[in-house]
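Computed from the coordinates by the stated procedures, all read-outs in this text should not be read as laboratory data. All of these numbers come straight from a predicted model, not from anything done at the bench. Here the Cβ positions follow ideal geometry from the backbone for every residue, glycine too, while neighbour counts run over all protein chains shown.
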2 protein chains.
Amino acid sequence: SFEFEELTQYVKSHEDEFIETLRKWVAVESDSSDVAKRPDLHRMMDMTAEKLRLIGGTVQMIDVGTQAFPNGSTIALPKVVTAQFGSDPSKHTVCVYGHVDVQPAKKEDGWATEPYELTDIDGNLYGRGASDNKAPVLAWIHTVEVYKALNISLPVNVKFIIEGMEETGSNGLDDMIEAQKDKFFSDVDYIIISDCVWLSKRPALTYGTRGNCYFFAQVEGPKKDLHSGVYGGTVIEPMTDLIGILDKLISPSGEILIPGIREAVAHLSDEEWKMYQDIEFDMESYKKDIGMDKLMYSNKVDLLAHRWRHPTVSIHGIEGAFSSTGTKTVIPAKVIAKFSIRQVPKMDPATVEKQVTEYLRSVFAKRKSPNKLNVSMVIGAKPWLADPTHPLFEAGKAAVKRVFDTEPDLIREGGTIPIARTFQDVIGKSIIMLPIGGFDDGLHSQNEKISRYNYIEGTKLFIAYLNEVSQIKKY
Amino acid sequence: SFEFEELTQYVKSHEDEFIETLRKWVAVESDSSDVAKRPDLHRMMDMTAEKLRLIGGTVQMIDVGTQAFPNGSTIALPKVVTAQFGSDPSKHTVCVYGHVDVQPAKKEDGWATEPYELTDIDGNLYGRGASDNKAPVLAWIHTVEVYKALNISLPVNVKFIIEGMEETGSNGLDDMIEAQKDKFFSDVDYIIISDCVWLSKRPALTYGTRGNCYFFAQVEGPKKDLHSGVYGGTVIEPMTDLIGILDKLISPSGEILIPGIREAVAHLSDEEWKMYQDIEFDMESYKKDIGMDKLMYSNKVDLLAHRWRHPTVSIHGIEGAFSSTGTKTVIPAKVIAKFSIRQVPKMDPATVEKQVTEYLRSVFAKRKSPNKLNVSMVIGAKPWLADPTHPLFEAGKAAVKRVFDTEPDLIREGGTIPIARTFQDVIGKSIIMLPIGGFDDGLHSQNEKISRYNYIEGTKLFIAYLNEVSQIKKY
Ligand SMILES: [Zn+2]
Ligand SMILES: [Zn+2]
Ligand SMILES: [Zn+2]
Ligand SMILES: [Zn+2]
């Protein structure tokens, strides 16, 4: 018998406490991309371990080595936190993966509130990392906490693996998983990842993610920045060269111009087309949410396909050029473009690295510039794709039905959770993504939030899900 | 009789004191482009007025109104400082123009020393604004101070007009000059500007400057930044659009692609060609100074012509995109390119504004993007050209001969001193540019400096110059 009422009643009565814990976690600027914030990131890992210990887990903090920079310097990576609750061999063992590092955020980027102060406005909890991925990680921890507090035995053994480098490519984690394959992971049956969002107001189960190849293209010219009046007209400016090669990456209509990239992508099958056609997705509210009158594609299937199962190029920005408000008459000496290409099944990051590098070099060579181009791929994460008919997904449907009284959407995710692919390749176990974030949570954007509703009902979903998983037949 | 020895002896014995004053001036972060530094800028104007008062000038601080921003807010402009030394109607009256605001500078831009701490390394005085334009302004003030201290009467009446908005387009100054035309400027015979640098190790007199039209091109799409994984492929990204139109401004070989721009430029005459050919200019040391193996043009005349008398496009950077180190997977929602086009005789900023705006709009329209483009010209400064055979330049040659025992180069300046053109058009008086900065001073760049030698010998040059000007025949 499953004491669902008793468990969810406990969640309800501890709602404020759960939000207070989220507030403390959001207050830590665990931005993994900024080495200056590394002490905060270490503190965040300590807090995570401490929280897991407090509710009775067997916790380890695993050293995954150092991070090396192009200039030769190194810095310690945040430790990976693992925890174990129960080891009953008659039960299934699930391993929950999550991360507690966040994307950069500054008030002046356009936040309405302080990004590291959780702020409740009309039931939405605003803060960097609120939805990506601190609230989902806490919802999982609280799930175990609730079972423990009520002295109800966990229906499955639960393990945790929580990292602090997800936002910059999960440095060190692949090696750690490889090393722990026959140790920590030996008894794990299923991996659960809750690091993405629903597609609409309806809950969703996610069976695929895109990968990502992130590039730096650096053009270096004069040995220092130059006055554009004094030197303009006499030097071939690095910015002009960089703009010139960036403009050759993608056409105005979104066609990737790098030879070989599109050719690698699998064609959309009739079944896929049918499946996409059936998904509940409102183009108008999507447009409204992002504030655009027109999207890249005007029909649902094309749009979803290009969000989930086609590659895309995004140019994120340029380092080294003038980027402040106001005017500066400078010829920047060294400029570094940051762009990335989302990866889908049949694409291989090593091949993409070669295609992009060779293409940009050939485009640059045509310019006959004396400046120096250096292209490097700094992140190369593979896509992940699961079978949505697997019992893990059936369990997900049942849990959604119990908590939300509806069918979930079966969706893919445009973003990247690189570790899903590693779990698949190295551990060889089945994986499900069970999101609780809302479609409009604004991950990586200004004013990121999670709603109280999604945070609290999401916790209930996890409670129900553990029970459903316990009923999967052992093969 | 001209007591040159006595005057220059005084300079020699007060060298350290003059450098200390420069140190105090450089310590003030009078960055006119940054409104957060506005209090420092006001303080800089106060210090300038105080210094001029201390040596006996009749000083005024003239209110030139407020600066308005696109968002509707306003802020007080720094006052313009005027001073007068002597009003003997039998003497010529010169007016020295200078500015005490500076370009932005941060240590992390790549400065070897703190930009606002004057640092003497091997006889070079490093600091933001050291050469542009604080040392030259101080050298002029010290020139008057030396005459006064030795009780030697000034050979000409000397006026000063010192502003604090030069680096961002001299806001308010044009109107002030217009208003003072028949007052402060009524008795002025000649305008002297010392806000540029020599071409080589040889002193120079400057008879022309380029103007500058500075543009913001803003592309606005989604209402907030988006996660490139979640949204990439579904939206037409503003960065892609912006890169696409910037790439149409200039060809790899430096050809400006905006219709009408090159057509407006006067052809290089045979006389000009001959004059450029005779100028002492070492391509190899120019290359070495900036650290480039190859320049835009491989012969001296083409290079000098494109530095001085041809327009050029420089792309300075992009506001609103990701510009830090590290990686961020963002689709920036609103990006603003900053670029400028140097202006030469026969070009007109109002026409250029129209040409650029219409061209970018048409290029953008071809992309059929739903994003919004907004092009605005935020600075429109005209070029200036003088007759290098005027007596002011003969006086300059004589002064250079006395102090440096050599002939000066007669040169033009690629940079912009917008006010030269205003003085010419409004006051209608002759103007000379008498630089004392070294060719490698790095104006607007990291590690800006002036050498002790140029600062101190430059002061002597100004002392000698006043005497030479006093001997110009009154017409
Ligand atoms: Zn995440
Ligand atoms: Zn993320
Ligand atoms: Zn200047
Ligand atoms: Zn300047």
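Some notes on this structure:
- Two numbers describe the Cα atoms of region B:98-138: Rg and Dmax, which are 10.3, 28 Å.
- Inter-part distance where region A:16-58 and region B:1-73 are each reduced to a Cα centre, Å: 51
- Using the empirical formula 2.2 N^0.38 Å as the baseline, the Cα radius of gyration of region B:118-171 reaches a ratio of 1.45.
- Region A:197-273-region B:164-218 distance, computed between alpha-carbon centres (Å): 42
- For A:ALA350, the point set 7 Å out from Cα toward Cβ sits 6.5 nm from its twins in the other copies, listed from shortest up.
- Taken about its Cα centre, region B:83-210 carries a charge dipole of roughly 420 debye when the Cβ of each Lys and Arg holds +1 and the Cβ of each Asp and Glu holds -1.
- Whole-number D in µm²/s for chain B (Stokes-Einstein; Kirkwood sum over Cα pairs; 25 °C, 0.890 mPa s): 103
- When region B:323-363 is described by a simple charge dipole with +1 on each Lys and Arg Cβ and -1 on each Asp and Glu Cβ, the residue from B:ILE331, B:GLN355, B:ILE341 located farthest towards its positive end is B:ILE331.
- A:TYR286, B:TYR297 arranged by Cβ crowding within 10 Å, fewest neighbours leading: B:TYR297, A:TYR286
- Size descriptor, Kirkwood hydrodynamic radius, that averages inverse alpha-carbon separations across region B:244-344, Å: 16.5
- Gyration tensor over alpha-carbon atoms, the protein assembly as shown, equivalent ellipsoid semi-axes in Å: 64, 28, 23
- Chain B - percent relative contact order, Cα under 8 Å, separation 6 or more: 25
- Residues B:ASP34 and A:LEU268, FRET efficiency given R0 of 60 Å [Cβ-Cβ distance, rounded to 0.05]: 0.70
- Unit Cα scatterers, Debye sum, region A:337-475: log10 I(q)/I(0) for q = 0.21 Å⁻¹: -1.33
- Dimensionless Rg/Rh of region B:1-157 - Kirkwood Rh, Rg from C-alpha atoms: 1.02
- Cα centre as origin, Lys/Arg/Asp/Glu Cβ charges: chain A dipole, Debye: 1280
- Region A:137-296 shape via C-alpha gyration tensor axes, a/c threshold 1.5: prolate
- Likely footprinting exposure, B:THR459, B:THR8, B:THR82, fewest C-beta neighbours within 10 Å first: B:THR8, B:THR82, B:THR459
- Nonlocal amide H pairs with A:ASN212, under 5 Å, H built at 1.01 Å: A:GLN343, A:ALA381, A:LYS382
- Pairwise label distance in nanometres, A:SER362 with B:SER13, each label 7 Å out on the Cα-Cβ vector: 7.5
- Exposure proxy ranking for B:SER269, B:SER340, based on other Cβ atoms within 10 angstrom of each Cβ and starting from the fewest, stands as B:SER269, B:SER340.
- Tilt relative to chain A, helix A:135-149 - C-alpha long axis, 0 to 90 degrees, to 10: 20
- Dimensionless Rg over Rh [region A:299-377; C-alpha; Kirkwood]: 1.07
- Only Lys, Arg, Asp and Glu carry charge here, each on its Cβ (+1 for the first two, -1 for the last two); on that basis region B:242-367 has a dipole of about 780 debye about its Cα centre.
- Label-point spacing for A:LYS24 across the identical copies (point 7 Å from Cα in the Cβ direction), in nm and ascending order: 5.5.
- Three-way shape label, region B:1-70, alpha-carbon gyration tensor, a/c 1.5: prolate
- Per-residue ³J(HN,Hα) for region A:120-131, Karplus 6.51 cos²θ - 1.76 cosθ + 1.60, θ = phi - 60°, Hz, x for Gly and Pro: 8, 10, 6, x, 9, 9, 8, x, 5, x, 4, 8
- Relative to the longest principal axis of the Cα atoms of chain B, helix B:349-367 runs at roughly 20 degrees.
- Label-point separation in nm, B:SER73 to A:ILE279, each point 7 Å along Cα→Cβ: 4.2
- Of the residues B:GLN424, B:ALA399, B:VAL375, the one whose Cα sits farthest towards the positive end of the charge dipole of region B:353-475 is B:VAL375 (charges of +1 on Lys and Arg Cβ, -1 on Asp and Glu Cβ, taken about the Cα centre).
- Anisotropy class assigned to region A:198-292 is prolate, per the alpha carbon gyration tensor with a/c at or over the 1.5 cut-off and a/b larger than b/c.
- Ordering B:PRO222, B:ILE243, B:ILE193 by Cα displacement along the dipole of region B:179-245 toward the positive end leaves B:ILE193 in first place; charges were set at the Cβ atoms of Lys, Arg (+1) and Asp, Glu (-1).
- Across region B:66-137, C-alpha contacts under 8 Å between residues 6 or more apart give a mean separation that, scaled by the residue count, equals a relative contact order of 23 percent.
- Shown is the FRET efficiency for A:LYS300 and A:LYS474, computed with R0 = 35 Å from the Cβ-Cβ distance and rounded to the nearest 0.05: 0.30.
- Lysine pairs in region A:130-215 whose alpha-carbon atoms fall under 19 angstrom of each other, counting only those eight or more residues apart or on distinct chains, come to 4.
- Virtual paramagnetic centre 7 Å along Cα→Cβ of A:SER324, amide N under 12 Å, in region B:77-111: B:102-109
- For A:VAL426, the point set 7 Å out from Cα toward Cβ sits 6.9 nm from its twins in the other copies, listed from shortest up.
- Total lysine pairs in region A:364-475 at Cα distances under 18 Å, for residues eight or more apart or on different chains: 6.
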